[in-house]
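Any read-out appearing in this document is the output of simple, stated calculations on the displayed coordinates, not a laboratory observation. These numbers were taken from a predicted model, which means no experiment stands behind them. Every residue, glycine among them, receives a Cβ derived from its backbone with ideal geometry; neighbour counts consider all protein chains shown.
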Amino acid sequence: MSKRDMETRSLLDELRSFENGAFFDLGHPLLNRIAECFVKAAGIGAIQAVSREAYFTAIESAGLDSSGGMPPEMLGAKKHRIPGLKGETNRKSLEAMVKNTGKESLQWGLAAGVYSGLTYGLKEARGAHDWKNSVVAGAVTGVALALTSEDSSHEQIVQCAITGAAISTAANLLTGIF
């Protein structure tokens, strides 16, 4: 590719180029897959954390929070706000947002990396990609996510393992239908 072509490539061209190759070449397909899934999901987690906070800030500044204009299902989501965002200064608020965004990015990346690595490893070890692999990978991923939460109890860990296994298995079974 010439230098001129490199200078005129759009963002869409750059994103399409990732479909042809991988982000990483760590020497083993398992490591490449884990790293790539981690990075992609961590980026999604960061965007999700920042956009959620922007939404709640806009709702509060519009006065919908105190006047009861917020739907009841959204009132429960307030507890997921970034703690310490309304700090004494803008710097403290920014530090709180960066810290929480980083934490959520790591959680999303951890989930994607663990799940992807386990499904790949189990497929290689068992020679099949079926619902059994999905159950194990989903359950272990659920446990990993539960352990990253602030107050993880035994019941929460078991519930996350069951939920992860169920979602993963359903996704695997529904793959061929749609």
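Name all residues of region 22-42 having a backbone nitrogen under 15 Å from the label point set 7 Å from the Cα of residue 9 along its Cα→Cβ direction, giving them as ranges. Once the point is set 7 Å along Cα→Cβ of residue 9, 22-24 turn out to lie under 15 Å by backbone N, inside region 22-42.
Pairs exceeding 25 Å between alpha-carbon atoms, taken from 40/103; 40/92; 103/123: 40/92; 103/123. The simple Förster model, with R0 at 30 Å and r as the Cβ-Cβ distance, assigns residue 123 and residue 148 a FRET efficiency of 0.75.
With θ taken as phi - 60° and the Karplus curve 6.51 cos²θ - 1.76 cosθ + 1.60 applied, the whole-hertz 3J(HN,Hα) list for region 132-148 is 5, 4, 5, 4, 5, 5, x, 5, 5, 5, x, 5, 4, 5, 4, 6, 8 Hz, x standing for glycine and proline. Packing order of peptides 35-45, 141-151, 91-101, 121-131, highest average first: 35-45, 141-151, 91-101, 121-131 (average count of other Cβ atoms within 10 Å over each peptide's residues).
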